[in-house]
Amino acid sequence: MDNLKTLEVPYHRGLHNFAILTACVTLVLIVAGALVTSNDAGLSVPDWPTTFGSIYKMPHMVGGVKYEHGHRMVAEFTGLLTIILAIWTWRVEKRRWLRLLGLAALATVIIQGILGGITVLHLLPPAVSSAHAAVAQTFFCIAVAIAVFTGRRWVQEQPRTEFDQRRPALFTLTLLSIFVLYVQLILGAMFRHHGLSWWPHVINAAVVAVVLSWTAVRAISVYSHVEAVRLPAIAMLGLMVAQLCLGFLAFITRVMWGADAAQPELPMIIATVVHVAVGALLLATTVVLAIQVWRHVPVAFEERVPRRNAVAA
């Protein structure tokens with residue numbers, strides 16, 4: 001029945017392309033935010049929502065202002081795209097849950113803007129700044145999910161379902177992977193915003209490596225014939241390896257080489273910004289893997305019912 005409903009949903013190419021654009025601009029926004037933090041430019045513009053007292057005047061883009069105000073400009077553009085995406089989704093989509101997801105994206109970007117304002121007005125409190133970073137990546141994941149759900153393949157294909165009877169189930173492993181990545185995201189943000197030491201972030205990196213490797217190996221070895229599961233699993237594994245290498249490089253440039261630097265140095269800035277960007281891609285890829293596993297390899301709950309009936313008989 002679900003497959004028949006999927007076939008009845010029309011594919012909107014324009015909406016799908018616009019969702020991809022929104023996701024790509026969101027990644028640019030995350031990079032712009034990382035540039036602000038890495039350059040210690042968070043208070044280069046001391047007021048909010050205005051910039052040096054004006055809403056529309058362009059300030060002199062010098063020093064940290066070019067990073068902070070540039071970040072705000074990308075954020076405003078992302079907000080505009082999200083408004084359009086939410087309205088467009090609500091008007092053309094037959095799937096009620098997807099319309100609600102579009103509204104959730106809009107609510108998330110509003111919360112993100114408010115947290116950014118609080119961060120400036122309260123002089124960069126570590127907890128709020130870290131929440132700002134976490135919500136940004138949550139919004140990126142929502143935007144990527146909308147792009148997946150509006151894609152031609154999702155709308156028009158009739159998925160082959162293969163029930164997962166292993167324990168723990170692959171879907172459980174993907175959820176665990178998302179959880180440990182969020183923990184890593186928060187710990188890393190707290191470290192960058194001087195609210196926490198570096199060692200919890202490093203220790204949890206080992207946990208992330210174990211959990212994501214377990215998840216990827218299970219997906220690739222058992223469900224290699226399911227392309228929708230295999231490809232994001234391979235991508236997740238590759239991004240995880242890259243992220244661990246970048247994390248090590250960021251640690252060396254920030255903690256070992258740049259601890260006594262008068263201002264952020266270029267190697268530390270590059271390593272940190274790329275580390276944040278790849279981390280966002282890793283989290284979004286893991287979310288896509290969870291979505292595809294949920295669709296193609298659901299947990300075989302219904303297998304338990306006949307067993308109970310057989311025992312009762």
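The values are calculated or read from the model by the stated rules, or taken from the named source; none is laboratory data. Everything numeric in this text was worked out from a predicted model, so none of it was measured. Every residue, glycine among them, receives a Cβ derived from its backbone with ideal geometry; neighbour counts consider all protein chains shown.
Scanning for something more than 24 Å from THR150 (Cα to Cα) and either assigned by TED's automatic domain parsing to the domain that holds ILE142 or more than 25 Å from the chain's Cα centre (by Cα) (or both), does the range 20-32 turn up at least one residue? Steps first, answer last, please.
If we filter the range 20-32 for residues that are more than 24 Å from THR150 (Cα to Cα), which is where we start, we get 31-32.
Right, trim to either assigned by TED's automatic domain parsing to the domain that holds ILE142 or more than 25 Å from the chain's Cα centre (by Cα) (or both) and you get 31-32.
The answer is yes; a qualifying residue exists.
Do we find that SER54 is hydroxyl-bearing (Ser, Thr, Tyr) and either at positive phi or touching a residue at least 24 places away in the same chain (Cβ under 8 Å) (or both) in this structure?
Working: hydroxyl-bearing (Ser, Thr, Tyr): yes; either at positive phi or touching a residue at least 24 places away in the same chain (Cβ under 8 Å) (or both): no.
No; evaluated as a whole, the condition is false for this residue.
Which of the numbered conditions does THR215 fail, given that it passes all the others? Conditions: (1) in contact (Cβ under 8 Å) with a residue 60 or more places away in the chain; (2) in a loop (DSSP other than H, G, I, E, B); (3) farther than 26 Å from VAL120 by Cα; (4) not small (Gly, Ala, Ser).
Just one mismatch for THR215, condition (2).
Which one is modelled with the lowest pLDDT among residues in the range 49-84 that are loosely packed, with under 13 Cβ neighbours inside 10 Å and hydroxyl-bearing (Ser, Thr, Tyr)?
Looking at the filtered set, the residue picked out is TYR56.
Can you spot a residue in the range 55-62 that is closer than 20 Å to ILE114 by Cβ, more than 22 Å from the chain's Cα centre (by Cα) and not assigned by TED's automatic domain parsing to the domain that holds ALA284? Before the answer, list the steps.
Filtering the range 55-62 for residues closer than 20 Å to ILE114 by Cβ gives 55.
Remaining after also requiring more than 22 Å from the chain's Cα centre (by Cα): 55.
With not assigned by TED's automatic domain parsing to the domain that holds ALA284 added as a condition, the list becomes 55.
Within the range 55-62 (the criterion being closer than 20 Å to ILE114 by Cβ, more than 22 Å from the chain's Cα centre (by Cα) and not assigned by TED's automatic domain parsing to the domain that holds ALA284), the answer is yes, since at least one residue qualifies.
Among the residues of the range 272-283, what is the count of those that are under 17 Å from ALA32 (Cβ atoms) and crowded, with 21+ Cβ neighbours inside 10 Å? Spell out how you get there, then give the answer.
From the range 272-283, those under 17 Å from ALA32 (Cβ atoms) are 272-281; that's our starting set.
Now narrow it down to the ones that are crowded, with 21+ Cβ neighbours inside 10 Å: 272-273, 275-276, 279-280.
Within the range 272-283, residues that are under 17 Å from ALA32 (Cβ atoms) and crowded, with 21+ Cβ neighbours inside 10 Å number 6.
Collect the residues in the range 85-96 that are surrounded by 13 or more Cβ atoms within 10 Å (Cβ to Cβ) and not in a helix (DSSP H, G or I), keeping them in residue-number order. Full working, then the answer.
Going residue by residue through the range 85-96, those that are surrounded by 13 or more Cβ atoms within 10 Å (Cβ to Cβ) are 85-90, 92-93, 95.
Within the range 85-96, GLU93, ARG95 meet the criteria.
Got a sec? Which of ILE118, ILE146, ILE142 is free of Cβ contacts under 8 Å to residues at least 24 places away in the same chain and assigned by TED's automatic domain parsing to the domain that holds PRO10? Working first, answer last.
On the way: ILE146 fails: free of Cβ contacts under 8 Å to residues at least 24 places away in the same chain; ILE142 fails: free of Cβ contacts under 8 Å to residues at least 24 places away in the same chain.
Criteria check complete, one pass: ILE118.
How many residues are farther than 30 Å from GLY42 by Cβ and either touching a Gly at 6+ places or on another chain (Cβ under 9 Å) or among the hydroxyl-bearing types (Ser, Thr, Tyr) (or both) when one looks only at the range 188-215?
2
What number of residues within the range 43-63 satisfy the criterion of being under 30 Å from ILE142 (Cα atoms) and touching a Ser or Thr at 6+ places or on another chain (Cβ under 7 Å)?
The total comes to 1.
Please determine whether any residue of the range 224-233 is in the same structural domain as ALA205 (by TED's automatic domain parsing), of a type in the set (Gly, Ala, Ser), at pLDDT 95 or above and under 17 Å from the mean Cα position of the chain (by Cα).
Checked against the condition, which is being in the same structural domain as ALA205 (by TED's automatic domain parsing), of a type in the set (Gly, Ala, Ser), at pLDDT 95 or above and under 17 Å from the mean Cα position of the chain (by Cα), the range 224-233 yields at least one hit.
Could you check LEU123 against (1) touching a Ser or Thr at 6+ places or on another chain (Cβ under 8 Å); (2) under 23 Å from LEU187 (Cβ atoms); (3) at pLDDT below 95 and say which number it fails?
(1)
If you check ALA104 against the conditions, is it surrounded by 19 or more Cβ atoms within 10 Å (Cβ to Cβ), part of a helix (DSSP H, G or I) and at pLDDT 95 or above?
Numbers: surrounded by 19 or more Cβ atoms within 10 Å (Cβ to Cβ): no; part of a helix (DSSP H, G or I): yes; at pLDDT 95 or above: yes.
No.
Scan the range 33-47 for residues that are part of a loop (DSSP other than H, G, I, E, B) and either assigned by TED's automatic domain parsing to the domain that holds VAL273 or crowded, with 16+ Cβ neighbours inside 10 Å (or both) and report the count.
Here is the first cut: in the range 33-47, the ones part of a loop (DSSP other than H, G, I, E, B) are 39-47.
If we keep only those that are either assigned by TED's automatic domain parsing to the domain that holds VAL273 or crowded, with 16+ Cβ neighbours inside 10 Å (or both) as well, we get 39, 41-42, 44-45.
So the answer is 5.
Any chance the range 252-262 includes a residue that's small (Gly, Ala, Ser) and within 21 Å of the chain's Cα centre (by Cα)? Walk me through it before giving the result.
Filtering the range 252-262 for residues small (Gly, Ala, Ser) gives 258-259, 261-262.
Filter again for within 21 Å of the chain's Cα centre (by Cα), leaving none.
Taking every residue of the range 252-262 in turn, none turns out to be small (Gly, Ala, Ser) and within 21 Å of the chain's Cα centre (by Cα).
What do you reckon, is GLY258 at pLDDT below 95 and under 15 Å from LEU281 (Cα atoms)?
Details: at pLDDT below 95: yes; under 15 Å from LEU281 (Cα atoms): no.
Judged against the criteria, GLY258 is not a match.
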